[in-house]
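Data first, discussion second: the structure below is written as structure tokens.
The values are calculated or read from the model by the stated rules, or taken from the named source; none is laboratory data. Given the structure is predicted, the values throughout are model-derived calculations rather than measurements. Because the Cβ atoms are built from the backbone with ideal geometry, glycine has one as well, and the counts that use them run over all protein chains shown.
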Amino acid sequence: MSNTKTKKITAYAMFIAIAFVVMLVGRFPLIPAVPFLKTDPKDVIIVIAGFIYGPISAFIISLIVSVIEMLTVSQTGPIGLLMNVLSTCAFACTAAAVYKKKRTLSGAVTGLIYGVIMMTALMLLWNYLITPLYMDTTRADIAAMLIPVFLPFNLLKGAINMGLTLLIYKPIVTALRKTKLIGQVVEDSAPNKSRTQGMVLLGFLLLATCALVILVLKGVI
């Protein structure tokens, strides 16, 4: 096995491990009225892997993490596995595919925006089709929840994932370069100072906005 393949497998294993850990410790409900809808930061780790290695890598890592989650902590079995893979890949693979074509700040932001839109639209459809199968409710009840519940949940989840990605992408890439797991050829448009500052600022603005929305939903403000 070549040194390059060994490094890639090692990086895959690292991303899988980190994604699983943050899923375990970072899961929380976004909307108090529907506590069964929870989010976690694993999509952030997976989309960063996709930015570095491409959309196929994001899919592989998403699938492996979702299978491990199903076998360990999930209570929804294969249906939960399907929903996890669909949601994560809609976000991460879409963003990574756009960024692969344009490795710039605008390419990253555009990809993440497309990822949020794709995830939101796809999960509205699949929540309508699949959720009644594992919850004690009717499809009509789920249809009534699509706009007031599932739409804001997925938009808020996507915005949080986008903000976190913009904040931590550069430090993760820098750390991987220092360990020589990746090189300049993998991420061939290294961020300059102004680009990095732009990513961080946008990330903070998104997260601050999401925090305000969550506080409003909780009735704090």
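Kindly indicate the residue of the stretch 9-30 that is surrounded by fewer than 19 Cβ atoms within 10 Å (Cβ to Cβ) and touching a residue at least 60 places away in the same chain (Cβ under 8 Å) and also farthest from residue 207 (Cα to Cα) among those meeting that condition. Residue satisfying both the conditions and the ranking: 10. Among all residues of the stretch 128-140, there is none that is under 28 Å from residue 211 (Cβ atoms), in contact with a Pro (Cβ under 7 Å, 6 or more places away or on another chain), without any contact (Cβ under 8 Å) to a residue 60 or more places away in the chain and surrounded by 17 or more Cβ atoms within 10 Å (Cβ to Cβ).
Within the stretch 75-86, residues that are part of a helix (DSSP H, G or I) reach partners that are of a type in the set (Phe, Trp, Tyr) and at pLDDT 90 or above with beta carbons closer than 9 Å, at six or more positions or on different chains, in the pairs 82/126; 83/126; 85/59; 86/126. Is at least one residue of the stretch 178-193 in contact (Cβ under 8 Å) with a residue 24 or more places away in the chain and not in a loop (DSSP other than H, G, I, E, B)? No, the stretch 178-193 contains no residue that is in contact (Cβ under 8 Å) with a residue 24 or more places away in the chain and not in a loop (DSSP other than H, G, I, E, B).
Only one of 82, 86 is more than 19 Å from residue 169 (Cβ to Cβ), within 12 Å of the chain's Cα centre (by Cα) and among the hydrophobic types (A, V, I, L, M, F, W, C). Can you tell me which? Answer to the selection: 86.
How many of the residues in the stretch 13-37 are more than 16 Å from the chain's Cα centre (by Cα) and part of a helix (DSSP H, G or I)?
Result for the stretch 13-37: 2.
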